[in-house]
Amino acid sequence: MALALDTSQARRKRGFWTMARRDAATGYLFITPQLIGIIIFVLIPLGLVFWYSLHEWNVLAGSFRFTGAANYEKLLSDPALGEVMTVTAVFSAGLALLNMSLALGLALLLNQKLAFMTVFRTLFFSPVVVSLVAWTIVWSFLLQSNGGINGLLQMIGVEGPNWLRNPTTAMISVIVVQALKNVGLNMILFLAALQGVPRELFEAARVDGVPRFKQFYRITLPMISPTILLASIVTIVGALQVFAQIMILTQGGPGFSTTVLVYYLYQQAFQFYLFGYGSTLSIVLLVIVGALTFIQWQLRRKFVFYEN
Amino acid sequence: MRRTILKTTLAALTVTTGLVAPAFSQELRMAIWSANEAHLALFNEIADEFEASHPGVTVTYDSLAFEGYVTTLTTQIAGGNPPDLAWLFDTTAPDFMAAGALYPLTDTFATTEGYDIADFPPATLTAWSRDGVQYLYPFSTSPFGVFVNNDMIKAAGAKTPAELIAAGEWTWDNAIATAATVAATGKQGLVVRDFDFKIWENLAEIYAGWGAHPWSEDTKSCAFNSTEMVDAMSFIHDAIFVKKAMPGPGVSADFFAGDAAMTTTQISRASLLPKGDAAFDWDLVPLPSGPVGEYAWVGRAGIGVLANGKNPELAAEFLAFFSSKDNVAKLAQFFPPARQSLLTADVLSAANPLLTKEQIEAVVIRGVATGQSTQQVPNFAQLQQTARAGLDGLWQPQADIVGVLNALCDRLNPLLAAN
Amino acid sequence: MKTELSPRAQALAYLTLCVLLIPFVFPTWWMVTSSVKPVSQIFAFPPDIWPRAFDFSSYSDVFKIQPFALQYWNSAYIAGIVTVGTMIVASMAGYAFARIKFPFANAIFMVVLVGLLIPSEVTLVPLFQLFLKWGMINTHWPLILVPIFGAPAVFATFIMRQFFISLPVELEEAARVDGLGRFKIFWTIALPLARPALAAVAIFTFLGSWNLYLEPIVFISSADKFTLPQALTQFTDAYGGPMWNIQLAAATMTAVPVLVVFIVAQKQFVEGLAHTGLKG
């Protein structure tokens, strides 16, 4: 102990390298890998995306030409874009709503003190660890009009629709398939949040004769609202990034009915090799994500009960 | 500028990693979309011969997935890592030629001894050239036919195509009638292979019988709403949704697995016919006649040399060797040749032991001679996707066919006008 | 384990859970059983819950058609490196943002957080150009470097930061009085305590890398460098026709090992996730 004290005193005497300075240096050292990574792989590419969006760029022909705002004008006159935006909004909102409400419902059920809850929890979580592409390929088989889902429905005497070939059911299919895949994550987060709600609150409410559903609105929801907020941000930003599922299940069809912005962006840039226009669409996606996050963050003040 | 940096970086990388190949050794890589073992065995045999006469040269084949083939290929080109040679569809070739991505082959073919470019009928070359310069070799000129499961048709009590042909009644109407009879028994009738309600170009083998084309001859305007196309699409729609003679959207059915009575596809798929227990009594017949009378449809693929490859001269030399008379005769078993001298029943039946001489005569020789093929158009990828999205509206039981096709043309016309 | 529910409510809860479970479990079940069915029976209608005949040839075919073992290795080693790398980068950055006072720390943290909001598709084109300049197209480098240092790691840093903030400072202060340097404190005291958060980071990162799909199809073009998700979509015959049973066999081989690891270690999994700091 005495020895340790000696060295620390010796260090303090080292002049310029005070404790605070050495600490700050360590701090910078610790964040350097991440910061450099963010600069190279996020900030510079973001700047470049904006720069590219001002150009006409066809990779196959090797042409790269400054066109100013032409791509943004093209955006406004793109006949498909309105539909793509609507599809993106419906898909993201539908997915976020289904995912969050299903996750909350499952978490409430699994939070009951009943036997086998660990088994159920494991099974509901299992799709999360199944490879996304494998999961989606299997669903693409199951959703064929002569596939497994309609087979199951037939067993109970229902004639199923042609899931992936009708605009409405195709949208429902991609939302549900994606929700089932990832709902386990939010379920676990909600479960942890629910278990963190102090039991005394409920006991006090019961003594006061507050009915169960009111307990849910008055106690449970407010107490877990920070988790709901953060989970909803992550879920919506995630919904805006869904790509593989669309590619495998519907390829954006029928028509444009499941062509979400990310898929449209991929098509323009990597199938039609219009990297300039693809970059413009990237900027659009970025603005949407930024705006949504900002709105959700503002809502926090209104609806979120407490924050640590 | 960009390219210089890339080259420097690559050079630095190769030097530091010691991966620099000795100056005298040359590697040639051909991008292909087949991973079929029999195909590759034959290709490698040809490569071995070339390597024997060209010390230091090695030839490899890069089997890229059929799905996304063009995307992958273009990504390789954009990534500065192009293959030396590549198979190309007739639909994508125009964009590659126009972009200057291909190396001109006219001189190589002219100077290679015994190549005899005159052996190719001019019509087989035009799709692969631009402004009089040959950019690709017409590798596969593959006629479409109808594969038939006679067991299934007889079990359903319908007329087989062979009987209809004998009676001079092999028309689309009768073909669909037979298919509908089979479909009523619970199997599927006629499958347009690889169509799957996505790759609409594969319907061309049907709508060509109505004289229909997707775009005008100058490729500047849409022809999906032409009378011929509306009639053809109405016929197909009726066959799917009213007569149930063709599997509907979202239904998986594979002729070669015994799910369907007939399938229209290229004759090279004969290799997929089941053997052993699953085998059935099959036949191969020409496409039925349509309102335009008898017609044939041919799918085409070419091989080009990438201009940005490391050694395009050597690659062109290999291509000339690959497509010599001797080698094309061997390749004919998988890829019907465009060489006139090889389009004989003898050569072809030696190469295709599965097919009878009559089948070869009726489907292959007549097909190659008279077959139409895809109209070439610039900017195909975008047109293809746009049309795919637009045609989805057609694959509903209650579809307004004229309305859907008119709306599709409204979307395609601005794109086509830019050509 | 004492329930507050009446027997009727209990029965209702179990019934609801069982019905809800069907769409979560049936696909995996169908995938595994169909992969050993002969092709002609995969689309039997209505589907067979248990295969009528077993045909394991699809499993050996997987390896004939694609260099599947190599692709398996590619996915595994990339995910392994990315997981370890992210744990290092994120725990260091997370610790610094949570515990160390240095000028502009908050401003820098806000800049880093931008990465959390950027869908990876947005920067794909310039990243493609960047790796093209570096001669790394058709190599695994983009799949390793970007997740470790780029946007995907920010979520991991966020989790680590939230965890370190919630850790009592007293332990570290005692160590400081003992004269331990920052790095030693981080390494010997803070990090061992952060196991649950590290587990969460490891799970998220591993799954993220294992599932990566868009990036491989853009950056990688030769079959021997494919990762599993990319390889799964390539089981087609020479003309693009799908080979269903083989594709399902490959999908099963991709999914089942991770599933088994998860079931064995599900407690650590779930507890790790519950510690992601999203609790608020």
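The values are calculated or read from the model by the stated rules, or taken from the named source; none is laboratory data. Since the model is a prediction, treat every value here as computed from it, not as a measurement. FYI the Cβ positions are ideal-geometry reconstructions off the backbone, even for glycines, and counts take in every protein chain you see. For the accessible areas, the whole protein counts, side chains as well, though only heavy atoms, and no ligand, DNA or RNA atoms are used. Shrake-Rupley method; radii C 1.70, N 1.55, O 1.52, S 1.80 Å.
Suppose the filter is open to solvent by 10 Å² or more (accessible area, probe 1.4 Å) and either assigned to a strand (DSSP E or B) or closer than 25 Å to B:Pro336 by Cα (or both); does B:Phe144 pass it? Outline the logic, then answer.
Numbers: open to solvent by 10 Å² or more (accessible area, probe 1.4 Å): yes; either assigned to a strand (DSSP E or B) or closer than 25 Å to B:Pro336 by Cα (or both): yes.
Judged against the criteria, B:Phe144 is a match.
Can you pull out the residues in the range C:90-133 that are open to solvent by less than 10 Å² (accessible area, probe 1.4 Å), modelled with pLDDT of 90 or more and at the interface with chain A (Cβ under 8 Å from one of its Cβ atoms)?
C:Ala90, C:Ala93, C:Tyr95, C:Ala96
Looking only at residues in the range B:30-64 that are facing chain C (nearest Cβ under 9 Å) and assigned to a helix (DSSP H, G or I), which one is most open to solvent (accessible area, probe 1.4 Å)?
Taking the candidates together, the pick is B:Glu37.
Exactly one of (1) open to solvent by less than 40 Å² (accessible area, probe 1.4 Å); (2) on the phi < 0 side of the Ramachandran plot; (3) over 24 Å from the mean Cα position of the chain (by Cα); (4) more than 9 Å from every other protein chain (Cβ to nearest Cβ) is unmet by A:Tyr52. Its number?
Looking at each condition in turn, A:Tyr52 falls short on (4).
Before we move on, is A:Asn146 assigned by TED's automatic domain parsing to the domain that holds A:Ile219 and not in a helix (DSSP H, G or I)? If you could, list the steps in order and put the result at the bottom.
Numbers: assigned by TED's automatic domain parsing to the domain that holds A:Ile219: yes; not in a helix (DSSP H, G or I): yes.
Taking the combined requirement at face value, the residue satisfies it.
Residues that are in contact with a strand residue (DSSP E or B) (Cβ under 8 Å, 6 or more places away or on another chain) and more than 20 Å from B:Glu294 (Cα to Cα): find the helices (runs of 4 or more DSSP H) completely inside the range B:152-268 holding 1 or more of those. If you could, list the steps in order and put the result at the bottom.
Numbers: elements: B:161-166, B:172-183, B:204-207, B:227-237.
Once the helices (runs of 4 or more DSSP H) in the range B:152-268 are filtered for at least 1 residues that are in contact with a strand residue (DSSP E or B) (Cβ under 8 Å, 6 or more places away or on another chain) and more than 20 Å from B:Glu294 (Cα to Cα), what remains is B:172-183.
What helices (runs of 4 or more DSSP H) lie completely within the range A:209-264 and have 1 or more residues being in contact (Cβ under 8 Å) with a residue 12 or more places away in the chain, of a type outside the set (D, E, K, R) and buried (at least 18 other Cβ atoms within 10 Å of the Cβ)? Reasoning before the result, please.
Values: elements: A:212-215, A:221-239, A:244-249.
Answer list for the range A:209-264: A:221-239, A:244-249.
With respect to B:Glu67, is the statement that it is open to solvent by 40 Å² or more (accessible area, probe 1.4 Å), within 12 Å of chain C (Cβ to nearest Cβ) and closer than 21 Å to B:Phe334 by Cβ true?
Working: open to solvent by 40 Å² or more (accessible area, probe 1.4 Å): yes; within 12 Å of chain C (Cβ to nearest Cβ): yes; closer than 21 Å to B:Phe334 by Cβ: yes.
Considered against the rule, which asks whether it is open to solvent by 40 Å² or more (accessible area, probe 1.4 Å), within 12 Å of chain C (Cβ to nearest Cβ) and closer than 21 Å to B:Phe334 by Cβ, B:Glu67 comes out as yes.
Which count do you get for residues in the range C:13-24 that are surrounded by 13 or more Cβ atoms within 10 Å (Cβ to Cβ) and either at pLDDT below 90 or more than 10 Å from every other protein chain (Cβ to nearest Cβ) (or both)?
Residues that pass the stated criteria total 1.
Out of the residues in the range A:85-99 that are under 12 Å from A:Leu240 (Cα atoms) and over 14 Å from the mean Cα position of the chain (by Cα), state the one that is surrounded by the most Cβ atoms within 10 Å (Cβ to Cβ).
Going residue by residue through the range A:85-99, those that are under 12 Å from A:Leu240 (Cα atoms) are A:85, A:87-96.
Applying the additional criterion that residues be over 14 Å from the mean Cα position of the chain (by Cα) yields A:85, A:87, A:90.
On the way: A:Met85: 15, A:Val87: 25, A:Val90: 15.
In this case the residue turns out to be A:Val87.
Checking A:Leu153 against (1) at the interface with chain C (Cβ under 7 Å from one of its Cβ atoms); (2) modelled with pLDDT of 85 or more, which test does it fail?
If we test A:Leu153 against (1) at the interface with chain C (Cβ under 7 Å from one of its Cβ atoms); (2) modelled with pLDDT of 85 or more, just (1) comes out false.
Name the single residue, out of those in the range A:265-277 being in contact (Cβ under 8 Å) with a residue 40 or more places away in the chain and in a helix (DSSP H, G or I), that is nearest to the other protein chains (Cβ to nearest Cβ).
Of the residues in the range A:265-277, the ones in contact (Cβ under 8 Å) with a residue 40 or more places away in the chain are A:273-277.
Now restrict to residues that are in a helix (DSSP H, G or I): A:275-277.
Working: A:Phe275: 5, A:Gly276: 9, A:Tyr277: 10 Å.
So, considering only residues that are in contact (Cβ under 8 Å) with a residue 40 or more places away in the chain and in a helix (DSSP H, G or I), the one nearest to the other protein chains (Cβ to nearest Cβ) is A:Phe275.
In this structure, is A:Ser140 open to solvent by less than 30 Å² (accessible area, probe 1.4 Å), farther than 21 Å from A:Ile175 by Cβ and among the polar types (S, T, N, Q)?
Values: open to solvent by less than 30 Å² (accessible area, probe 1.4 Å): yes; farther than 21 Å from A:Ile175 by Cβ: no; among the polar types (S, T, N, Q): yes.
Spelling it out, it is not the case that A:Ser140 is open to solvent by less than 30 Å² (accessible area, probe 1.4 Å), farther than 21 Å from A:Ile175 by Cβ and among the polar types (S, T, N, Q).
Just a yes or no: is a residue in the range A:190-209 farther than 27 Å from C:Phe235 by Cβ and touching a Phe, Trp or Tyr at 6+ places or on another chain (Cβ under 8 Å)? Outline the logic, then answer.
Kept after step one, since they are farther than 27 Å from C:Phe235 by Cβ, are these residues of the range A:190-209: A:190-209.
Retained after the next criterion (residues that are touching a Phe, Trp or Tyr at 6+ places or on another chain (Cβ under 8 Å)): none.
No.
Those residues that are open to solvent by 30 Å² or more (accessible area, probe 1.4 Å) and touching a Leu at 6+ places or on another chain (Cβ under 8 Å), I need them from the range B:220-241; list them, please.
Passing the criteria: B:Lys220, B:Ser221, B:Asn225.
Failed condition for A:Ile40, given (1) in contact (Cβ under 8 Å) with a residue 60 or more places away in the chain; (2) assigned to a helix (DSSP H, G or I); (3) open to solvent by 50 Å² or more (accessible area, probe 1.4 Å), with all others met?
Failed condition: (1).
Among the residues of the range B:397-419 satisfying the criterion of being part of a loop (DSSP other than H, G, I, E, B) and surrounded by fewer than 18 Cβ atoms within 10 Å (Cβ to Cβ), which is nearest to the other protein chains (Cβ to nearest Cβ)?
Among residues in the range B:397-419 that are part of a loop (DSSP other than H, G, I, E, B) and surrounded by fewer than 18 Cβ atoms within 10 Å (Cβ to Cβ), the one nearest to the other protein chains (Cβ to nearest Cβ) is B:Pro397.
State whether one or more residues within the range C:138-147 are open to solvent by 30 Å² or more (accessible area, probe 1.4 Å) and within 11 Å of chain A (Cβ to nearest Cβ).
Step one: filter the range C:138-147 for residues open to solvent by 30 Å² or more (accessible area, probe 1.4 Å), giving C:139, C:141, C:145.
Imposing the further condition that a residue be within 11 Å of chain A (Cβ to nearest Cβ) reduces the set to C:145.
Yes, some residue in the range C:138-147 is open to solvent by 30 Å² or more (accessible area, probe 1.4 Å) and within 11 Å of chain A (Cβ to nearest Cβ).
Of the residues that make up the range A:278-292, is at least one of a type outside the set (Val, Ile, Thr), buried (at least 23 other Cβ atoms within 10 Å of the Cβ) and not in a helix (DSSP H, G or I)?
No, the range A:278-292 has no match at all.
Would you confirm whether any residue within the range A:215-231 is under 30 Å from B:Asp392 (Cβ atoms) and assigned by TED's automatic domain parsing to the domain that holds A:Thr293?
Within the range A:215-231, the subset under 30 Å from B:Asp392 (Cβ atoms) is none.
Checked the range A:215-231: no residue is under 30 Å from B:Asp392 (Cβ atoms) and assigned by TED's automatic domain parsing to the domain that holds A:Thr293.
Being open to solvent by 40 Å² or more (accessible area, probe 1.4 Å), among the aromatic types (Phe, Trp, Tyr) and part of a helix (DSSP H, G or I) is the filter; apply it to the range C:52-89 and report the residue that is nearest to the other protein chains (Cβ to nearest Cβ).
C:Tyr72
May I ask you to list the residues in the range B:163-191 that are buried (at least 20 other Cβ atoms within 10 Å of the Cβ) and in contact with a Leu (Cβ under 6 Å, 6 or more places away or on another chain)? Lay out the reasoning, then the answer.
First pass over the range B:163-191, keeping only residues buried (at least 20 other Cβ atoms within 10 Å of the Cβ): B:170, B:172, B:175-176, B:178-180, B:182-183, B:188-191.
Selection gives B:Trp170, B:Ala179.
Restricting to the range B:355-379, count the residues that are surrounded by 21 or more Cβ atoms within 10 Å (Cβ to Cβ) and in a helix (DSSP H, G or I).
Here the count works out to 6.
Given (1) more than 26 Å from C:Phe102 (Cβ to Cβ); (2) outside any helix (DSSP H, G or I), identify the lone condition not met by A:Val90.
Going through the list (1) more than 26 Å from C:Phe102 (Cβ to Cβ); (2) outside any helix (DSSP H, G or I), A:Val90 breaks only (2).
Which residue out of B:Lys330, B:Lys244 is open to solvent by 40 Å² or more (accessible area, probe 1.4 Å) and over 22 Å from the mean Cα position of the chain (by Cα)? Break it down into steps so the answer makes sense when it comes.
Values: B:Lys330 fails: over 22 Å from the mean Cα position of the chain (by Cα).
The match here is B:Lys244.
Quick test of your reading of the structure: B:Gly250 fulfils all but one of (1) over 28 Å from B:Val364 (Cα atoms); (2) modelled with pLDDT of 95 or more. Name the failing condition by number.
That leaves (2) as the condition not met.
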